[in-house]
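See structure below.
The values are calculated or read from the model by the stated rules, or taken from the named source; none is laboratory data. Keep in mind that what you see is a predicted model, and the values were worked out from it rather than measured. Cβ atoms come from the backbone with ideal geometry, glycine included; neighbour counts cover every protein chain shown. The protein model used for the area step is the full one, side chains on, heavy atoms only, and it has no ligands, DNA or RNA in it. Shrake-Rupley method; radii C 1.70, N 1.55, O 1.52, S 1.80 Å.
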Amino acid sequence: MNLNQSQAVFRLADDPLSTDCYSIRLLLEFLQLPYESTYADVEQLDHKFECPVLFDSTFNYSGLMPIFKRLLETPQTQSQWMPENLSSQIQGWHDFNEVLKLSLGTLRQANLSVDQFLSNEETLIQQATQQLRELDDQLCEQTVIGQGYLLGSQPTIADLMIFPQVALAWDAGISLLPFLHIRRWINRIRHQNHFIPMAGLLAIN
């Protein structure tokens, strides 16, 4: 819940075009935690993919994993969104997301910029397409065993980390039409209660 400063428990240094910031906003909304969003350009061309920063009354946290851990300190929410028995798999998807930023994220950043041109665009497209194929295969395997998300039948922070980069693939110039299981996964997340849109990704009416 994005509230004014007097009501907010957390303050997020936020960029509406940042996929990492959007992942944090999604979790805040899914948990219905009151927060204040303040603009900060965290994806400047000279400092790509810098981490979002979350402030509470005593400390500040930067980076997806530290912020997720701070927001999921209560046992009930942690067990759903960041189960201890899945910690190694969650770290694996975090690493996958970091690699995806170097291909899909770089392509998106260049497309959103008016003066950035990539000499290795074709290579990045091939890398991003291969990574999307790997994700689609994983989601296919999950579907076969009756699970709709990366690590089970309910979404975890693994899904929230990967979701923005992938859902905005069109901004990077890459079509998701060949990836049926990715498209179904995206729709499942978009139908979650308290889902919020971002630039390039509309809410479900």
Can you tell me which of L86, L54 is in contact with a helix residue (DSSP H, G or I) (Cβ under 9 Å, 6 or more places away or on another chain), closer than 30 Å to R11 by Cβ and outside any helix (DSSP H, G or I)?
L54
Given (1) part of a loop (DSSP other than H, G, I, E, B); (2) surrounded by fewer than 15 Cβ atoms within 10 Å (Cβ to Cβ), N187 misses just (1)
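Each row is one residue, and each column tells you yes or no for (1) among the hydrophobic types (A, V, I, L, M, F, W, C); (2) more than 17 Å from Y22 (Cα to Cα); (3) in contact (Cβ under 8 Å) with a residue 12 or more places away in the chain; (4) open to solvent by 30 Å² or more (accessible area, probe 1.4 Å).
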{"site": "L64", "(1), (2), (3), (4)": "yes, no, yes, no"}
{"site": "F68", "(1), (2), (3), (4)": "yes, no, yes, no"}
{"site": "L71", "(1), (2), (3), (4)": "yes, no, yes, no"}
{"site": "Q78", "(1), (2), (3), (4)": "no, yes, no, yes"}
{"site": "S88", "(1), (2), (3), (4)": "no, yes, no, yes"}
{"site": "F96", "(1), (2), (3), (4)": "yes, yes, yes, yes"}
{"site": "L118", "(1), (2), (3), (4)": "yes, yes, yes, yes"}
Residues of segment 112-134 being in contact with a helix residue (DSSP H, G or I) (Cβ under 6 Å, 6 or more places away or on another chain) and either modelled with pLDDT under 90 or within 20 Å of H181 (Cα to Cα) (or both), in sequence order, are Q116, L118, Q127, A128, Q131
Mind listing whichever residues of segment 130-181 are of a type outside the set (G, A, S), open to solvent by less than 60 Å² (accessible area, probe 1.4 Å), over 26 Å from E84 (Cβ atoms) and part of a loop (DSSP other than H, G, I, E, B)?
L168, I174, L176, F179
